[in-house]
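Novice: My questions all concern the structure below.
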Amino acid sequence: MNCILRGVRVIDPLARRDAPGQDVWLSEGRIIAIYKHMGEGSLPVIDLTPASGHAPVILCPGFIDIHTHLREPGDEGAETLHSGSQAAAAGGFTQVVAMANTVPPVDTPERVKEATFRAVAASVQVLTGCALTRGLQGAELVDLEECAAAGAAAFSDDGRNALSPRLLSEAIVRAAPLRRPILVHPEDEELLAQVNNVQGPVNRCSLRPVEAEARAVGYALRALTHAGRGHVHLQHLSAAASVEMVRRAKEEGATVTAEATPHHLSMWLPMATEPDPPALRKVNPPLRTDRDREALVQALRDGVIDCVATDHAPHRVEEKTLPYDDAAPGMIGLELALAVCITLGGMGGDWVPTLVERLTLGPYRVLGPGAGIREPRLRIGEAATCVLFDPEAEWTVEPSHLRSTSQNTPLLGAKLRGRVLMTLVDGALVHHDRQRLPWPVAAPSEPAS
Ligand SMILES: [Zn+2]
């Protein structure tokens with residue numbers, strides 16, 4: 001790769017830069033220069049200048065997903081580090097945080113070390129999410145200090161929320177000096193057990209009322225207040241009621257942050273038909289009403305919700321073809337996130353720069369620099385970690401094109417707008433649309449003027 005990309009809009013939220021009509025000189029994984037009207041010398045040029053009335057292709061720092069399930073170890077038939085990181089690259093994500101609910105779960109310093117070591121081979125940076133409680137059972141906190149020292153980027157029992165507000169408060173206090181956020185899956189398990197009339201695990205129960213989320217958000221906010229320090233991050237908000245609680249808490253100065261998923265931002269409302277099997281749309285928390293969707297979109301736009309997170313949840317076919325009430329919850333998201341947010345999630349058109357912020361700087365700030373995450377920034381001359389995408393390019397979600405091992409999404413066959421053309425991680429080309437970016441074969445001999 002040694003060429004000039006002409007006519008690109010460069011967005012770098014951390015540098016407060018949003019510049020259309022730029023020419024970008026790329027060479028061997030580095031951005032050598034960005035400015036207007038670059039003379040090409042002997043360098044080949046790929047002209048990406050949009051036709052009149054169309055939006056330009058965008059270059060920005062690589063996306064960060066703070067909520068990914070990679071299933072390794074324990075369920076490699078659903079996803080591996082390799083396939084999951086390939087899916088991340090195809091979706092423009094250069095850094096992801098893997099959740100701890102693997103088999104076995106990541107809940108000891110040794111397992112944090114193992115997971116971190118295993119992740120070195122991935123094609124994007126995979127940070128290790130550590131459980132908050134042993135076995136995600138909610139009874140006993142993990143050794144937060146030792147797990148952080150071993151490389152844990154954040155703590156979360158995601159998938160479960162079994163710990164008491166008292167224990168959550170203790171965890172917040174202990175995580176504060178470690179500069180790690182506590183990520184909470186806000187669904188109240190007691191209420192879920194009641195409404196579903198079950199005594200065992202509730203993660204496959206299909207009745208999941210708004211009250212279960214609102215109650216869990218309330219507990220988490222009270223635990224944070226009680227702790228008097230630290231940081232709580234609320235995962236996958238799905239309801240207008242909980243958005244309002246977060247809005248009020250932020251106005252009162254609470255150090256709380258929140259995320260929304262592409263599927264909750266869109267709720268798949270434009271889908272005319274029920275997916276087959278129906279469990280393809282089963283997810284925790286569930287897809288709710290258009291009023292909830294509008295509240296989430298508004299909150300993402302105005303910053304009450306800090307970032308988009310995919311909750312990428314691959315499952316084997318047999319887990320999704322079970323009767324609805326027995327099927328596994330969750331859907332894949334890494335490769336679809338950008339296009340779903342643009343096409344169905346209220347973040348297209350003039351909102352695309354905000355979306356870029358919520359996929360880069362937003363999640364970076366949620367995790368914080370203590371977590372070992374890299375600053376999302378376009379740096380001239382350094383090995384680049386960035387993404388190039390076309391916000392208007394249309395594509396159809398074809399199973400054969402997905403790089404994830406699993407294809408559990410209700411959007412198979414859907415037409416979406418927003419396509420990743422290139423992803424670079426530390427200068428390595430990890431995803432590349434060969435049709436739109438035909439790298440020249442011949443090596444150039446002279447630099448650009
Ligand atoms: Zn969750």
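Novice: Give the residue list of trypsin sites (Lys or Arg not before Pro) in segment 20-75 that are DSSP loop and have at most 11 other beta-carbon atoms within 10 angstrom.
Specialist: Working: sites: Arg30, Lys36, Arg71; in loops: Lys36, Arg71.
The qualifying sites are Lys36.
Novice: Between segment 182-211 and segment 85-118, how far is it from one alpha carbon centroid to the other, in angstrom?
Specialist: 25
Novice: Between segment 350-373 and segment 226-288, what's the alpha-carbon centroid distance in Å?
Specialist: 17
Novice: At most 13 other Cβ atoms within 10 Å and a DSSP loop assignment: could you name the GluC sites (Glu not before Pro) in segment 232-286 that fit?
Specialist: Within segment 232-286, the qualifying GluC sites (Glu not before Pro) (loop, at most 13 other Cβ atoms within 10 Å) are Glu252.
Novice: With a 10 Å cut-off between alpha carbons and a GNM built on the chain, which of Pro399, Pro391, Pro285 moves the most?
Specialist: Looking only at Pro399, Pro391, Pro285, the largest GNM fluctuation is found for Pro399.
Novice: Find how much the distance from His82 to Glu211 grows on full extension, using 0.36 nm per residue of separation minus their present alpha carbon separation; answer in nm with one decimal.
Specialist: 42.6 nm
Novice: Further question on the same structure: Quick check on segment 61-371: take the gyration tensor over C-alpha atoms, sort the square-rooted eigenvalues as a ≥ b ≥ c, and tell me if it's rounded (a/c under 1.5), prolate or oblate.
Specialist: Working: a/c = 1.15, a/b = 1.10, b/c = 1.04.
Rounded, because the longest to shortest axis ratio a/c is under 1.5.
Novice: At 222 nm, what helix-only mean residue ellipticity would the chain give, in deg cm²/dmol to the nearest 500, using -39500 (n - 2.57) for each DSSP H run of four or more?
Specialist: Numbers: 13 runs with 121 residues, N = 449.
Theoretical 222 nm ellipticity from helices: -7500 deg cm²/dmol.
Novice: Find the accessible area per residue for segment 61-371; the probe is 1.4 Å, ligands and nucleic acids are left out, and the unit is Å². Write down the numbers at each step before the final one.
Specialist: On the way: 11080 Å² over 311 residues.
Here the per-residue accessible area is 36 Å².
Novice: Additional query: If each residue of separation counts as 0.36 nm, what is the full-extension length gain between Gln194 and Asp350 once their alpha-carbon separation is subtracted? Show your work: numbers first, answer last.
Specialist: Numbers: separation 156, 0.36 × 156 = 56.16 nm, distance 4.41 nm.
Taking Gln194 through Asp350 to full extension adds about 51.7 nm, to one decimal.
Novice: How high is the FRET efficiency between Glu140 and His401 when r is their beta carbon distance and R₀ equals 56 Å, given to the nearest 0.05?
Specialist: Details: r = 44 Å, r/R0 = 0.78.
Calculated transfer efficiency: 0.80.
Novice: Taking a ≥ b ≥ c as the square roots of the eigenvalues of the Cα gyration tensor of segment 86-153, is the shape rounded (a/c under 1.5), prolate (a/b larger than b/c) or oblate?
Specialist: On the way: a/c = 2.52, a/b = 1.92, b/c = 1.31.
Prolate.
Novice: Then there's this: When the chain is fully extended, how far beyond the present Cα-Cα distance does Gln298 get from Thr225, taking 0.36 nm per residue of separation? List each step's numbers first, then the result.
Specialist: Numbers: separation 73, 0.36 × 73 = 26.28 nm, distance 2.58 nm.
Contour length minus Cα-Cα distance gives 23.7 nm.
Novice: Round to the nearest 0.05 the FRET efficiency obtained for Asp326 and Ser42 when R0 = 60 Å and r is the Cβ-Cβ distance. Could the numbers behind the result be given before it?
Specialist: Details: r = 63 Å, r/R0 = 1.05.
So the FRET efficiency works out to roughly 0.45.
Novice: How far apart, in nm, are two points set 7 Å out from the Cα along the Cα-to-Cβ line at Glu110 and at Glu382?
Specialist: 3.7
Novice: Given points 7 Å out from each Cα along the Cα-Cβ axis, report the Arg166 to Gln435 separation in nanometres with one decimal.
Specialist: The modelled label-to-label distance comes out at 6.1 nm.
The values are calculated or read from the model by the stated rules, or taken from the named source; none is laboratory data. Just so you know, these numbers come straight off a predicted model, no measurement behind them. Note that each Cβ is placed from the backbone with ideal geometry, even for glycine, and that neighbours are counted across all protein chains shown. We work out accessible area using only protein heavy atoms, side chains counted, and drop any ligands, DNA or RNA first. Shrake-Rupley method; radii C 1.70, N 1.55, O 1.52, S 1.80 Å.
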